[in-house]
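Below is one structure, written out as structure tokens, with a few remarks after it.
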Amino acid sequence: LSFGGNVTYDFQRSRTWKHSITPFQLTFNTLQSTTARFDSITIANPTLALSLSNQFIPAMNYTLTYDNARMRRRHQLWWETSFTSAGNVTSLIYAAFGKGLNEKDKKLLNSPYAQFLKMTSEIRATLKIANKHYLATRFMGGVLWSYGNHTVPPYSEQFYIGGANSIRAFGVRGIGPGSYNPAESSYSYLDQVGNIRFECNMEYRFPIVANLFGAVFLDAGNVWLTKEDPARPGGRFQWKNFGKELALGTGAGLRYDLEFLVIRFDVGVGL
């Protein structure tokens, strides 16, 4: 069970730039009950067990967004970057009351609070080649660094990849981390998350008839770990392996544009 709340202030100084500041965000993750089967899975995957344990997440966030869609330009660009800091102010407050910054398992509401820094950035560019012919590109990256009071980030904050809005030739959590290839199991996908994410997509869209469009696409990406994990060999990020550890998929699809909604149908093939 995950619940909480936040206070966010949004302001827009121009037609293209938007700022969003969240000085106060609290999330509480609690594991209400488990079954014997669940316990057997977490015993076999201790990192997963730690990331699913009760955690209190006091965080602050800042998001910057650029969107020139309102300018009605030939080429459209959307860019969003987000920074999140969790547990650091709480750690300073504890330090002021005599708790050392390096002490572990300090608690709020009887649960260890998470402490991490997270940054994500995503760019989408749509280039108009000719009338109703478009080349759409997307680049997305993220880094999550957990430290201090709880060195494993909450499961809900970790990155995963694959699925209809990601690398379409692979299922959700069907890739990574790195070159890690889990043993075939109904639950192996649970461990396919990471602290680093890179993803890119390219899609060519063309008209077929009326509001029906066709598309061909190429997707690439993966997630990685920032530290070695004996349970997931090959998962740590290394520059020398970056190229060969990128999952690659291609495919084709249909787009039915209702103006307020686009219905997609894609078929992907993993390369």
Item to check | Kirkwood hydrodynamic radius of the stretch 2-56, from inverse mean 1/r over distinct Cα pairs, in Å | outcome: 14.3
Checklist entry - For the stretch 138-225, taking Cα atoms only, what is the radius of gyration to one decimal and the Dmax to the nearest whole Å? => result 16.1, 58
Item to check | Alpha-carbon spread of the stretch 158-207, three principal axes, descending order, Å | outcome: 43, 23, 17
Item to check | the stretch 37-173: relative contact order in percent, alpha carbon pairs under 8 Å with at least 6 residues between | outcome: 22
Item to check | Kirkwood hydrodynamic radius over Cα pairs of the stretch 40-177, then Stokes diffusion coefficient at 10 °C and 1.306 mPa s, in µm²/s | outcome: 88
Checklist entry - At 222 nm, what helix-only mean residue ellipticity would the chain give, in deg cm²/dmol to the nearest 500, using -39500 (n - 2.57) for each DSSP H run of four or more? => result -2500 deg cm²/dmol
Checklist entry - For the chain, which whole-number percentage of the solvent-accessible area (1.4 Å probe, protein heavy atoms only) is attributable to carbon and sulfur atoms? => result 59
Next on the checklist: Pairs of alpha-carbon atoms within less than 8 angstrom and 6+ residues apart define the contacts here; what relative contact order does the chain have, in percent?
Outcome noted: 13
Next on the checklist: Could you derive backbone 3J(HN,Hα) for the stretch 53-66 from the dihedral phi with the Karplus parameters 6.51, -1.76 and 1.60 (θ = phi - 60°), listing whole Hz in sequence and x where the residue is Gly or Pro?
Outcome noted: 6, 4, 8, 10, 10, x, 9, 10, 9, 9, 10, 10, 10, 10
Checklist outcome for this item: With the 1.4 Å probe rolled over protein heavy atoms, the stretch 202-271 has an accessible area per residue in Å² of 61
Checklist entry - For the stretch 214-271, what is one quarter of the convex hull surface built on the Cα atoms, given in nm²? => result 6.0
Item to check | Vicinal HN-Hα couplings computed from phi for the stretch 19-24 (Karplus, 6.51 cos²θ - 1.76 cosθ + 1.60; Hz; Gly/Pro x) | outcome: 10, 9, 10, 10, x, 9
Checklist outcome for this item: Checking rank on 3-11, 242-250, with mean other Cβ inside 10 Å and highest first, the result is 242-250, 3-11
Next on the checklist: Please give the Cα centre distance for the stretch 197-271 versus the stretch 70-88, rounded to the nearest Å.
Outcome noted: 20
Checklist entry - For the chain, modelled as a GNM with alpha-carbon contacts under 10 angstrom, which of G194, G141, G176 fluctuates the most? => result G141
Checklist entry - If we count every other residue with Cβ under 12 angstrom of T120's Cβ, Lys/Arg +1 and Asp/Glu -1, where does the sum land? => result -2
Checklist entry - What translational D, rounded to a whole number of µm²/s, comes out for the chain from Stokes-Einstein when the hydrodynamic radius is the Kirkwood one over Cα pairs, at 20 °C and 1.002 mPa s? => result 103
Next on the checklist: Normalised by the empirical 2.2 N^0.38 Å for globular proteins, what value does the Cα Rg of the stretch 113-271 take?
Outcome noted: 1.17
Item to check | In Hz, Karplus ³J(HN,Hα) per residue of the stretch 258-270 (6.51, -1.76, 1.60; θ = phi - 60°; x = Gly, Pro) | outcome: 9, 6, 8, 7, 10, 8, 10, 9, 10, 10, x, 10, x
Checklist outcome for this item: Mean separation of Cα contacts under 8 Å (at least 6 apart) over the residue count of the stretch 3-49, i.e. the relative contact order in percent, is 32
Item to check | Size descriptor, Kirkwood hydrodynamic radius, that averages inverse alpha-carbon separations across the stretch 174-231, Å | outcome: 14.0
Next on the checklist: I want to verify a result. In a Gaussian network model of the chain, Cα cutoff 10 Å, which of these has the top mean-square fluctuation: A86, A231, A95?
Outcome noted: A95
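The values are calculated or read from the model by the stated rules, or taken from the named source; none is laboratory data. Treat the numbers as computed from the prediction; the structure is a model and nothing was measured. With ideal geometry, Cβ positions are generated from the backbone for all residues, glycine too; neighbour counts draw on all protein chains shown. We work out accessible area using only protein heavy atoms, side chains counted, and drop any ligands, DNA or RNA first. Shrake-Rupley method; radii C 1.70, N 1.55, O 1.52, S 1.80 Å.
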